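A.B. asks: Below is the structure I would like to discuss, written out as structure tokens.
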Amino acid sequence: MVELTEKPIDTEAILQAISDTRCGAALLFLGNVREWTGDQQTNHLVYEAYRPMAEAKMKELEAEARRRWEILQCSIVHRLGKLELGEASVAVAVSSPHRRDAFEAGQWLIDTLKEVVPIWKQEVWADGSAEWVHPENESNPTPESS
Amino acid sequence: MNQVKSIHIEVLFFASAREITGSSNYRCELPEGATIEDLTAHLIERFPELAQRLPRWQIALRQEYVNPQTPLSDGAEVALIPPVSGG
């Protein structure tokens with residue numbers, strides 16, 4: 001299950017959604033709004049997405065993770081709009097019969113989401129200035145690898 | 001008569017692309033047979049401030065990442081994808 005939402009991420013509902021008695025492992029990763037980036041202080045963040053493509057890419061990631069690992073339940077939720085410090089911007093949750101698959105799938109899902117899913121973050125700093133974050137150093141997705 | 005047909009393209013701008021162009025979308029007409037590369041050249045001419053950045057950005061055609069040689073067809077939806085920063 002994948003979802004883009006303007007509302008706060010409901011972690012209880014996500015854990016409920018991945019609950020499965022065949023699974024001995026349930027893993028939930030949350031990405032939270034951090035106050036400090038080096039010596040720069042964040043006031044809040046704004047996220048925006050190319051919504052239909054972001055949803056399609058998130059579904060592709062879920063399908064690929066299910067192919068690579070034995071995960072029986074999967075939920076990927078990304079928040080959009082304005083987020084305050086400490087709020088969760090993204091949740092990746094998977095359940096699997098054994099923990100290794102859950103850890104590996106969860107790690108791959110969040111890493112790959114950050115590389116290929118068309119969602120952007122705007123930092124609004126404590127001094128009132130704002131900038132869109134466009135990481136230039138990381139390798140960009142190519143048509144072949146997406 | 002040997003008239004060159006044209007195709008209509010809808011371009012979507014997000015994040016800094018929207019800030020640079022001052023708009024979230026843009027419609028343009030290109031000659032039939034035009035590719036993504038032709039479209040980006042057109043966009044740089046229309047929005048010169050894109051010149052420094054656009055060559056390093058990904059392009060999506062109908063919600064899939066494509067390379068510069070990909071041909072366009074009439075009614076295509078193209079999105080400029082500056083380096084993503086979700087998560």
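A.B. asks: Going by a ≥ b ≥ c, the root eigenvalues of the Cα gyration tensor, does the protein assembly as shown fall in the rounded group (a/c under 1.5), the prolate group (a/b larger than b/c) or the oblate group? Could the numbers behind the result be given before it?
C.D. replies: Numbers: a/c = 2.61, a/b = 1.55, b/c = 1.68.
It is oblate, given that a/c is not under 1.5 and a/b is not larger than b/c.
A.B. asks: If eta is 0.890 mPa s and T is 25 °C, what Stokes-Einstein diffusion coefficient results for chain B, Kirkwood Rh from Cα pairs, in µm²/s?
C.D. replies: Working: Rh = 13.3 Å.
The estimated diffusion coefficient comes to 185 µm²/s.
A.B. asks: For segment B:6-81, what does the relative contact order come out to in percent, with C-alpha contacts under 8 Å and a separation of six or more?
C.D. replies: Values: 125 pairs, mean separation 32.8, N = 76.
Taking the mean separation of contacting Cα pairs over the length of segment B:6-81, I get 43 percent.
A.B. asks: Do you know the relative contact order of chain A, to the nearest whole percent, from alpha carbon pairs under 8 angstrom that are 6+ apart? Don't jump to the answer; show the numbers that get you there.
C.D. replies: Values: 288 pairs, mean separation 49.2, N = 146.
Result for chain A is 34 percent.
A.B. asks: Moving on to the next point. Using a cut-off of under 20 Å, list every residue of segment B:63-78 whose amide N is near the label point 7 Å from the Cα of residue B:32 along the Cα-to-beta-carbon line.
C.D. replies: Flagged as within label range: B:70-77.
A.B. asks: Separate question: May I ask you to evaluate 6.51 cos²θ - 1.76 cosθ + 1.60, the Karplus curve with θ = phi - 60°, for each residue of segment A:46-62 and list the ³J(HN,Hα) values in order in whole Hz, giving x for glycine and proline?
C.D. replies: Result, ordered by residue: 10, 10, 9, 9, 8, 3, x, 6, 4, 5, 4, 5, 4, 5, 4, 5, 4 Hz.
A.B. asks: Let me ask something else. Return the single residue from A:81, A:38, A:128 with maximal mean-square fluctuation; model: Gaussian network over chain A, springs between Cα atoms under 10 Å.
C.D. replies: Result for chain A, Cα springs under 10 Å: A:38 fluctuates most.
A.B. asks: Describe numerically, in nm with one decimal, the distance between label points set 7 Å from Cα along Cα→Cβ at residue A:25 and at residue A:13.
C.D. replies: Label-label distance for residue A:25 and residue A:13, simple model: 2.8 nm.
A.B. asks: Treating the beta-carbon of each Lys and Arg as +1 and of each Asp and Glu as -1, no other charges, what is the dipole magnitude of segment A:2-133 about its Cα centre, to the nearest 20 debye? Before the final figure, lay out the partial values.
C.D. replies: Values: 15 positive and 22 negative charges, 97 e Å.
With Lys and Arg at +1 and Asp and Glu at -1, about 460 debye.
A.B. asks: What residue among A:129, A:46, B:16 has its Cα farthest toward the positive end of the dipole of the protein assembly as shown, where the charges are +1 on Lys, Arg and -1 on Asp, Glu, each on the Cβ?
C.D. replies: Going by the charge dipole, the pick is A:46.
A.B. asks: Considering chain A as a Gaussian network with a 10 Å cut-off on Cα pairs, which listed residue, A:129, A:75, A:95, attains the greatest mean-square fluctuation?
C.D. replies: A:129
A.B. asks: Among A:4, A:65, A:37, whose Cα projects farthest towards the positive end of the dipole of chain A, with charges put on the beta-carbon of Lys, Arg (+1) and Asp, Glu (-1)?
C.D. replies: Of the listed residues, the answer is A:65.
A.B. asks: So, one more: Once you have the alpha carbon radius of gyration of segment A:30-122, what is it after dividing by 2.2 N^0.38 Å, with N set to its residue count? Before the final figure, lay out the partial values.
C.D. replies: Values: Rg = 14.3 Å, N = 93, 2.2 N^0.38 = 12.3 Å.
Here the answer is 1.16, to two decimals.
A.B. asks: How would segment A:1-63 be classified by its alpha-carbon gyration tensor: rounded, prolate or oblate, with rounded meaning a/c under 1.5 and the a/b versus b/c comparison settling the rest?
C.D. replies: Working: a/c = 2.37, a/b = 1.47, b/c = 1.62.
It comes out oblate by the Cα gyration axes.
A.B. asks: If you take the beta carbon distance between residue A:60 and residue A:103 as r and set R0 to 25 Å, what does 1/(1 + (r/R0)^6) give as a FRET efficiency, to the nearest 0.05?
C.D. replies: Working: r = 21 Å, r/R0 = 0.85.
My answer for the efficiency is 0.75.
Throughout, read-outs are computed from the coordinates displayed, never taken from laboratory work. Everything numeric here is computed off the predicted structure, so don't read it as measured data. As a convention, Cβ positions derive from the backbone with ideal geometry for all residues, glycine included, and neighbour counts pool all protein chains shown.
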